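Student: Below is a structure I'd like to ask you about.
The values are calculated or read from the model by the stated rules, or taken from the named source; none is laboratory data. The structure displayed is predicted, hence computed values, not measured ones. Quick reminder, even Gly has a Cβ in these numbers, built from the backbone with ideal geometry, and neighbours come from all protein chains shown. Calculation scope for accessible area: heavy atoms of the full protein, side chains included, ligands and nucleic acids excluded. Shrake-Rupley method; radii C 1.70, N 1.55, O 1.52, S 1.80 Å.
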Amino acid sequence: QVQLVESGGGLVQAGGSLRLSCAASGRTFNSYAMGWFRQAPGKEREFVAVITWNGGTYYSGSVKGRFTISRFNAKNTLYLQMNSLKPEDTAVYYCAADSYSRLSFVAGEYDYWGQGTQVTVSS
């Protein structure tokens, strides 16, 4: 079992930056692929970024070049550095763990989810 807790969300002006963190419990964090998803009001949950156990990454087109996903396995922590934020980035951001360690953008392939953290970008 893996428990995930996100933090770092908040209110920021357009063009600003935020860094989200996701603290994971459990001894198997190092072997999991970890992803970030987001969900805006009235919209479906959408993929943001994923990182495999050994550092391979994949981003959605809407955030590529602005967001960076990283992980610090020694601290069981996942990060999402978000730069050049836009109002359309406003959403609840969730971290998720895939025990099969795939480079997946499909929410249904993730086994564990955090409770989410709100990111609001004002124009």
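Student: Of all residues in region 11-39, how many are small (Gly, Ala, Ser), open to solvent by 50 Å² or more (accessible area, probe 1.4 Å) and at pLDDT below 95?
Tutor: 1
Student: Every residue in region 63-101 that is among the aromatic types (Phe, Trp, Tyr), in contact (Cβ under 8 Å) with a residue 40 or more places away in the chain and out of contact with any Asp or Glu (no Cβ under 9 Å at 6 or more places or on another chain), please.
Tutor: Once the filter is applied, which keeps residues that are among the aromatic types (Phe, Trp, Tyr), in contact (Cβ under 8 Å) with a residue 40 or more places away in the chain and out of contact with any Asp or Glu (no Cβ under 9 Å at 6 or more places or on another chain), region 63-101 yields only Tyr79.
Student: Now for a different question. So, in region 40-55, exactly how many residues are touching a strand residue (DSSP E or B) at 6+ places or on another chain (Cβ under 9 Å), open to solvent by 30 Å² or more (accessible area, probe 1.4 Å) and at negative phi?
Tutor: Selection size over region 40-55: 5.
Student: Among the numbered conditions (1) under 21 Å from Asn83 (Cα atoms); (2) among the polar types (S, T, N, Q); (3) free of Cβ contacts under 8 Å to residues at least 60 places away in the same chain; (4) touching a Leu at 6+ places or on another chain (Cβ under 8 Å), tell me where Thr52 comes up short.
Tutor: The one condition Thr52 does not meet is (1).
Student: Return the residue satisfying two criteria in turn: it lies in region 1-10 and is in a loop (DSSP other than H, G, I, E, B) and either aliphatic (A, V, I, L, M) or closer than 11 Å to Tyr93 by Cα (or both), and of such residues it is least open to solvent (accessible area, probe 1.4 Å).
Tutor: Among those residues, the one meeting the criterion is Val2.
Student: If Ser60 passes every condition in (1) touching a Phe, Trp or Tyr at 6+ places or on another chain (Cβ under 9 Å); (2) free of Cβ contacts under 8 Å to residues at least 12 places away in the same chain; (3) closer than 17 Å to Val119 by Cβ but one, which one does it miss?
Tutor: Unmet for Ser60, out of (1) touching a Phe, Trp or Tyr at 6+ places or on another chain (Cβ under 9 Å); (2) free of Cβ contacts under 8 Å to residues at least 12 places away in the same chain; (3) closer than 17 Å to Val119 by Cβ: (2).
Student: Which of the residues that make up region 71-123 are more than 15 Å from Ile51 (Cβ to Cβ), buried (at least 18 other Cβ atoms within 10 Å of the Cβ) and among the charged types (D, E, K, R)?
Tutor: Matches in region 71-123: Asp89 only.
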